[in-house]
Amino acid sequence: MELYNTDKEFKTLVDHPLIKREDFFEFAKKIFGELEESSLNIIFYLIEKDRLSSIRGIVAEYLKIYYAKNQILDVEAILRMNLT
C-alpha cells in the first residue's frame with residue numbers, strides 16, 4: 001500500500017491498461033520477492049483480480065477487522081504544547 005500511495009511511477013504502472021497481467025506478475029516478483037510467501041500471494045491475488053488500485057480500502061477494512069478481533073482501540077492523540 002505504501003509503495004502504491006507514494007510512488008507515482010509504480011501507481012501509473014499498476015493502473016496502465018496496456019500492461020499485460022503476466023508481465024506485471026514478473027515485475028511484482030522482482031519488487032516484492034523478499035516478502036513472506038503469504039504476503040506475496042495476497043499481492044498476486046490483487047493483481048489477478050485487478051484490485052491492486054483498491055489497496056488502501058482493503059488495508060483499512062483489514063485493520064478494522066484485526067483491531068476488533070484483537071480488542072485494539074485505534075486512537076489519535078492531539079497534544080497542546082506550551083512553548084513558554
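The table that follows gives values for the structure above.
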read-out: Near pairs, Cβ below 8 angstrom, 6+ apart or cross-chain, from the stretch 67-78 (assigned to a loop (DSSP other than H, G, I, E, B)) to any residue that is surrounded by 10 or more Cβ atoms within 10 Å (Cβ to Cβ) and among the hydroxyl-bearing types (Ser, Thr, Tyr); value: Ile72/Tyr66; Leu73/Tyr67; Asp74/Tyr67
read-out: Flag for Ile58 being surrounded by 14 or more Cβ atoms within 10 Å (Cβ to Cβ), within 15 Å of the chain's Cα centre (by Cα) and either among the hydroxyl-bearing types (Ser, Thr, Tyr) or modelled with pLDDT of 85 or more (or both); value: yes
read-out: Count of residues meeting criterion [surrounded by fewer than 13 Cβ atoms within 10 Å (Cβ to Cβ) and outside any helix (DSSP H, G or I)] in the stretch 11-42; value: 7
read-out: Verdict on Leu46 being under 29 Å from Ile31 (Cα atoms), surrounded by 11 or more Cβ atoms within 10 Å (Cβ to Cβ), among the hydrophobic types (A, V, I, L, M, F, W, C) and touching a residue at least 12 places away in the same chain (Cβ under 8 Å); value: yes
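The values are calculated or read from the model by the stated rules, or taken from the named source; none is laboratory data. From a predicted model like this one, the values you see are computed outputs, not experimental measurements. Neighbour counts are summed over all protein chains in view; Cβ atoms, including those assigned to glycine, are modelled from backbone coordinates with ideal geometry.
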